[in-house]
Amino acid sequence: MKKILITGGSGFIGINVVNYLAKKNKIILNIDKISNVSTPEKFKKIKNKKNYFFLRNNLKNPKLILKILKKFKPDVIVNFASESHVDRSINNPLYFIRNNINSSSNLFYAYYMYYKIKKIKLFNISTDEVFGSIPTGAFKETDSYNPSSPYSASKSSIDLIATAFNKTYKTEIKIINMVNNYGPYQFPEKLIPTIIFHFLKNKPAPIYGNGKNIREWIHVEDSCEAIWRCVVSKKKFSRINIGSKNCLSNLEITNKIFKIMKSNKLTKLNSSNYIKKVNDRPGHDKRYALNSNLFKKIIKSKPMKDLYTGLTETIFWYINNNKWLKNRIKFYKYKRLGLID
């Protein structure tokens with residue numbers, strides 16, 4: 001498998017996958033519309049630039065997408081293309097719904113037309129948020145969807161459309177549901193970078209509500225490895241969960257980051273003033289968790305980076321990549337999003 005088409009390869013997980021595949025000397029075509037949260041091309045770590053191609057496109061035209069597929073002739077397609085921040089989806093729900101559903105649907109239709117020519121697989125990267133909240137245990141691949149935000153509803157719709165294409169057109173769209181990722185290139189508006197940047201500025205981290213909302217965390221490098229193992233696997237599956245079992249409340253993840261930064265003398269805050277509780281997010285899910293037993297069984301892999309190491313590396317990545325940070329924060333002023341008037 002040599003030629004990989006990536007959609008949304010300038011977003012957080014996408015850019016890490018592009019960098020990962022570049023190290024494997026794969027021929028990559030990255031199609032991305034480039035929004036304010038995207039990472040510009042100059043920050044990508046491409047080992048052999050002759051093997052990497054970038055096309056700025058918003059996936060609005062399925063005929064054009066099909067033309068691109070026929071020209072590039074990929075061996076596989078991996079779809080990351082979507083707007084992804086829940087708070088921004090609360091502020092602008094119609095944009096999220098239209099953009100996410102339409103772009104992926106256009107891609108699926110072009111893929112279906114190309115599938116008649118060449119039988120390749122398309123991997124649609126989804127989220128644990130489509131299942132909604134679970135008080136105990138973990139969601140299996142067969143559990144029903146119950147989204148709580150415009151973002152998760154749009155991702156749920158994409159997954160269902162993918163399933164419908166497979167049933168109607170006999171295509172091979174594989175759905176990968178992933179837990180919360182963290183690591184290099186994550187836009188400053190997300191929880192972990194927000195905590196880090198506040199501590200670096202000696203400001204308390206803003207925590208929604210009581211801070212007891214639980215998320216399952218995985219380092220993006222482990223996600224890259226897991227996605228690639230799914231792509232090259234010869235095992236049959238229609239959807240698969242990728243998790244880590246690192247389930248922590250927002251207060252717990254904040255506390256871990258504080259202790260790491262305090263021990264490295266990266267913040268002047270103390271144990272009495274490093275958290276500031278703010279108004280909760282509307283429709284805030286209490287707990288996410290995925291059952292990834294199927295992944296472990298058929299892919300036979302598990303996350304390699306422990307949470308302490310991953311968080312420490314992430315903190316220093318942001319500190320050591322100031323040029324990237326300055327380029328990104330001009331589009332983000334640390335203003336609270338996701339509030340309803």
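Annotation note: of Ile161, Ile120, the sole residue that is buried (at least 18 other Cβ atoms within 10 Å of the Cβ) and among the β-branched types (Val, Ile, Thr) is Ile120.
Which of the residues spanning the stretch 3-45 are among the charged types (D, E, K, R), under 17 Å from Ile68 (Cβ atoms) and surrounded by fewer than 23 Cβ atoms within 10 Å (Cβ to Cβ)?
Lys3, Lys33
Pairing residues of the stretch 303-329 that are closer than 17 Å to Pro40 by Cβ with residues that are modelled with pLDDT under 95 and assigned to a helix (DSSP H, G or I), at Cβ distances under 6 Å and at least 6 apart in sequence or on separate chains, gives Trp324/Phe43. Just the residues that are crowded, with 20+ Cβ neighbours inside 10 Å and of a type outside the set (A, V, I, L, M), please, taken from the stretch 172-186. Scanning the stretch 172-186 gives Lys174, Asn177, Asn180, Asn181, Tyr182, Gly183, Pro184, Tyr185, Gln186.
Yes/no per residue for (1) modelled with pLDDT under 95; (2) surrounded by 14 or more Cβ atoms within 10 Å (Cβ to Cβ); (3) among the β-branched types (Val, Ile, Thr):
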residue	(1), (2), (3)
Val231	no, yes, yes
Asn241	no, yes, no
Cys247	no, yes, no
Lys268	no, no, no
Asn273	no, no, no
Met304	yes, no, no
Tyr318	no, yes, no
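Filtering the stretch 29-76 to residues that are under 20 Å from Pro184 (Cα atoms), in a helix (DSSP H, G or I) and either free of Cβ contacts under 8 Å to residues at least 40 places away in the same chain or in contact with a Lys or Arg (Cβ under 7 Å, 6 or more places away or on another chain) (or both) leaves Glu41, Lys42. Within the stretch 87-117, the set of residues being within 21 Å of Thr168 (Cα to Cα), part of a helix (DSSP H, G or I) and of a type in the set (D, E, K, R) is empty. In the stretch 323-341 there is no residue matching the filter, namely being surrounded by 15 or more Cβ atoms within 10 Å (Cβ to Cβ), under 20 Å from Ser152 (Cβ atoms), modelled with pLDDT of 95 or more and small (Gly, Ala, Ser).
The values are calculated or read from the model by the stated rules, or taken from the named source; none is laboratory data. Just so it is clear, the structure is predicted and the values come from calculations on it, not from any experiment. Don't worry about glycine lacking a Cβ; one is built from the backbone with ideal geometry, like all the others, and counts go over all protein chains shown.
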